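**Student:** Input: one structure, supplied below.
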Amino acid sequence: MTLSILIWLPLAISLLAALMPRPLIGRLAAVGSLVTLGVAISFLARFKLGGAGLQFLTDKVWVSALGIHYKLGLDGLNVALVVLTTLLFSGSLWWSSFREWDRSRSFYFHFGLAESAVLGAFCAQDLALFVAFFDLMLIPFYFLVGMWGTGERIRATTKLVIYTLVGSFFMLAAAIATGVLAANDHSTALNFSLSALRALPLPHASQDWIFLCFAFAFLVKMPLVPFHGWLADGYKAMPIPALAVFSGVVSKVAAYGFLRIVLPLFPYAAAHFQTLMLLIALVSIFWGTLVAFTTPDARLVVAYSSVAQLSFITLGIFSLRPTGGQGALLQMLNHGLVTAPMFFIVAAAAARAGGSELLADMGGIAFRAPILATLALIVTLATLAMPGSSNFVGEFMILLGVFQAKTAISVIAFAGVVGAAVYALRLFIGEFHNRAGPKVATREGSFIDLAVIGSIALVIVVLAFYPQFGLKRSEPSLRSVVAPAQAQAVHAQAAAGGPRRVASR
């Protein structure tokens, strides 16, 4: 079985579902998502531990004149993220299948296209192919927001497209420049394969401006401050199932891009701009945390908490230490597992508060819906990185990696951990405790709500007992991609006369 089957299966299922009678479209798409999840799990089960090389490799020349390959593969960087993608899309499709949607054939088609694009971006091992899948992700979400969004959906769609297209333009220019400059500098044929580009290092001056182009594109997609202008409108307008997968996995493609592309291809620039990236992440942590403290909207509390959590992930990546990088990769998995059910919980709580997503209109739901409240508590404790949770392990490793690299930034970032506890508890208490809102209904969560949230909560609990599941798969690949940038950072520190740190083992 090749990775192409995994990537294109969701799109094929959505096209097959479009041929079914209207009442069966959603159910077929949901059942098909379990098939995709099963295929992803089969790759995970067959994944061999201990090596940093690619497994399940597919490498075909796609456009020979441009040196573009249809190259796919799995390693420790992406194998868990691929399974996470199929899990969250499956949960979102099951959640959607029990609800009515206008133009349902088109709705599920765009969902299938979105899943294929995300899986393709995670599996791509060619720079041009990665850019193609990265840009393809925008198309289905453009329609999902514009056609099925709520409120100011036209404004939200416009801002999302403008921000993302500008970032994509810079990334496309940087990708082309990387391939052309590498070929010219080393007198070789044009080749966009990531393994080939890694063997053809660019001059330091070229690395600097190309790094900034990629960083801009990825920071817009995540998003981090000050590249977050589309966030509030976009997250507020997106339909809940689209928002769950967008925040849960689409934003992770950008963070993953730093590990897959930026650190191994531009190690000098990564070390050169290390402090800048750490400061951007630090500012984003405090900005996201402060807004999550104050916004009255439950959906936006989750949205801004995601900004803070993605900022922690960026801290780990640009610690340029294996410990921080492993923590960042583990936290990508953890954040996807908590943010998706948090949006479903907001929707379930709003349904019991007369449709309002304002915290002031909720409250008092815990005794009216105890199972839903229990699942929400599990997700909340994971969000605030309670000791014993996988999130705690991820944040601890991130802060340890940053401490090894930039002690002062690590000490300041500790405040963000405290902030996460405040906004997570504020959201949970506002939704399920305090005085009941005037329109709060007395009823338990629906079967499908509890099934979707409970399934993801079960994975959270399993990872809490065994976080090593992700760590032992990622370690060899993570060390391989971080090593060049780490060496550059240590060399730069020694050249500047600072104390030379021993590389972490």
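**Student:** Applying the selection to the range 132-157, what residues are more than 21 Å from Val118 (Cα to Cα) and surrounded by fewer than 16 Cβ atoms within 10 Å (Cβ to Cβ)?
**Tutor:** Within the range 132-157, Thr150, Gly151, Glu152, Ile154, Arg155 meet the criteria.
**Student:** Can you tell me which residue in the range 293-311 is farthest from the chain's Cα centre (by Cα), limited to those that are of a type in the set (Val, Ile, Thr), in a helix (DSSP H, G or I) and within 15 Å of Glu357 (Cα to Cα)?
**Tutor:** Out of the qualifying residues, it is Thr294.
**Student:** Would you call Leu129 in contact (Cβ under 8 Å) with a residue 24 or more places away in the chain, assigned to a helix (DSSP H, G or I) and more than 30 Å from Leu458 (Cβ to Cβ)?
**Tutor:** Judged against the criteria, Leu129 is a match.
**Student:** In the set Ser90, Ser97, which member is touching a residue at least 12 places away in the same chain (Cβ under 8 Å), out of contact with any Pro (no Cβ under 9 Å at 6 or more places or on another chain) and surrounded by 24 or more Cβ atoms within 10 Å (Cβ to Cβ)?
**Tutor:** Details: Ser97 fails: surrounded by 24 or more Cβ atoms within 10 Å (Cβ to Cβ).
Only one candidate passes the filter, namely Ser90.
**Student:** Evaluate the range 348-358: report whether one residue or more is crowded, with 24+ Cβ neighbours inside 10 Å and under 20 Å from Pro223 (Cβ atoms).
**Tutor:** Scanning the range 348-358, I find no residue that is crowded, with 24+ Cβ neighbours inside 10 Å and under 20 Å from Pro223 (Cβ atoms), so the answer is no.
**Student:** Name the residue, out of Leu224, Leu231, Leu160, that is in contact (Cβ under 8 Å) with a residue 60 or more places away in the chain, buried (at least 21 other Cβ atoms within 10 Å of the Cβ) and under 20 Å from Arg260 (Cα atoms).
**Tutor:** That would be Leu224, the only listed residue that is in contact (Cβ under 8 Å) with a residue 60 or more places away in the chain, buried (at least 21 other Cβ atoms within 10 Å of the Cβ) and under 20 Å from Arg260 (Cα atoms).
**Student:** Checking the condition in a helix (DSSP H, G or I), out of contact with any helix residue (DSSP H, G or I) (no Cβ under 7 Å at 6 or more places or on another chain) and either among the polar types (S, T, N, Q) or more than 24 Å from Thr158 (Cα to Cα) (or both), which residue from Val283, Val262 passes?
**Tutor:** Val283
**Student:** Which of the residues spanning the range 257-279 are under 18 Å from Ile210 (Cβ atoms) and within 19 Å of the chain's Cα centre (by Cα)? Working first, answer last.
**Tutor:** First pass over the range 257-279, keeping only residues under 18 Å from Ile210 (Cβ atoms): 257-274, 276-277.
Across the range 257-279, the qualifying residues are Gly257, Phe258, Leu259, Arg260, Ile261, Val262, Leu263, Met277.
**Student:** Further question: Restricting to the range 396-405, and then to whatever is buried (at least 21 other Cβ atoms within 10 Å of the Cβ) and modelled with pLDDT of 90 or more, can you tell me which residue is nearest to Ala328 (Cα to Cα)? Lay out the reasoning, then the answer.
**Tutor:** Looking only at the range 396-405, we keep the residues that are buried (at least 21 other Cβ atoms within 10 Å of the Cβ), and these are 397-399, 401-402, 405.
So of that shortlist, the ones also modelled with pLDDT of 90 or more come out as 397-399, 401-402.
Numbers: Met397: 8, Ile398: 6, Leu399: 10, Gly401: 10, Val402: 11 Å.
Ranking the qualifying residues of the range 396-405, first place goes to Ile398.
**Student:** Among (1) farther than 27 Å from Phe286 by Cβ; (2) modelled with pLDDT under 90, which single condition is Leu375 missing?
**Tutor:** So the condition that Leu375 fails would be (2).
**Student:** Kindly provide the set of residues from the range 312-326 that are over 18 Å from Gly336 (Cβ atoms) and assigned to a helix (DSSP H, G or I), ordered by number. Steps first, please.
**Tutor:** First pass over the range 312-326, keeping only residues over 18 Å from Gly336 (Cβ atoms): 318-324.
Correct list: Pro322, Thr323, Gly324.
**Student:** Can you confirm whether the range 335-356 contains a residue that is modelled with pLDDT of 90 or more and among the polar types (S, T, N, Q)?
**Tutor:** Checking the range 335-356: at least one residue is modelled with pLDDT of 90 or more and among the polar types (S, T, N, Q).
**Student:** Still on this structure, I have one more. So how many residues does the range 406-421 have that are buried (at least 19 other Cβ atoms within 10 Å of the Cβ) and over 24 Å from the mean Cα position of the chain (by Cα)?
**Tutor:** Of the residues in that region, 1 qualify.
**Student:** Among what's in the range 36-82 and is β-branched (Val, Ile, Thr) and part of a helix (DSSP H, G or I), pick the residue that is surrounded by the fewest Cβ atoms within 10 Å (Cβ to Cβ).
**Tutor:** Restricting to residues being β-branched (Val, Ile, Thr) and part of a helix (DSSP H, G or I), the top hit is Ile41.
**Student:** Going by what's in this entry, would Val253 be described as in contact (Cβ under 8 Å) with a residue 24 or more places away in the chain, assigned by TED's automatic domain parsing to the domain that holds Leu72, in a helix (DSSP H, G or I) and under 18 Å from the mean Cα position of the chain (by Cα)?
**Tutor:** Here the answer is yes, as Val253 does meet what is asked.
**Student:** Inside the range 364-380, can you point out the residues that are assigned to a helix (DSSP H, G or I) and of a type in the set (Val, Ile, Thr)? Let's see the steps before the verdict.
**Tutor:** First pass over the range 364-380, keeping only residues assigned to a helix (DSSP H, G or I): 370-380.
Within the range 364-380, Ile371, Thr374, Ile378, Val379, Thr380 meet the criteria.
**Student:** Within the range 290-303, can you find the residues that are buried (at least 24 other Cβ atoms within 10 Å of the Cβ) and not small (Gly, Ala, Ser)?
**Tutor:** Within the range 290-303, Val301, Val302 meet the criteria.
**Student:** Could I ask something else about it? Within the range 240-278, track down each residue that is among the β-branched types (Val, Ile, Thr), within 23 Å of Ile409 (Cβ to Cβ) and surrounded by 24 or more Cβ atoms within 10 Å (Cβ to Cβ).
**Tutor:** The answer is Val262, and nothing else.
**Student:** Can you confirm whether Leu212 is part of a loop (DSSP other than H, G, I, E, B) and either small (Gly, Ala, Ser) or not assigned by TED's automatic domain parsing to the domain that holds Val481 (or both)?
**Tutor:** no
**Student:** Within the set of pairs 6 or more residues apart or between chains, which connect a residue that is over 15 Å from Val301 (Cα atoms) inside the range 359-371 to a residue that is among the polar types (S, T, N, Q) with Cβ atoms less than 6 Å apart?
**Tutor:** Pairs found: Gly363/Asn434; Arg368/Thr442.
**Student:** Hey, another quick one. I need the full set of residues from the range 226-250 which are assigned to a helix (DSSP H, G or I) and aliphatic (A, V, I, L, M), in order please.
**Tutor:** If the condition is that a residue be assigned to a helix (DSSP H, G or I) and aliphatic (A, V, I, L, M), then Leu231, Ala232, Ala237, Ile240, Ala242, Leu243, Ala244, Val245, Val249, Val250 are the ones that fit.
**Student:** While we're here: Could you check the range 6-50 and list, in sequence order, the residues that are aromatic (Phe, Trp, Tyr) and more than 29 Å from Leu471 (Cβ to Cβ)?
**Tutor:** If the condition is that a residue be aromatic (Phe, Trp, Tyr) and more than 29 Å from Leu471 (Cβ to Cβ), then Trp8 is the only one that fits.
The values are calculated or read from the model by the stated rules, or taken from the named source; none is laboratory data. Just so we're clear, the structure is a prediction, and the values are computed from it rather than from any experiment. Cβ atoms come from the backbone with ideal geometry, glycine included; neighbour counts cover every protein chain shown.
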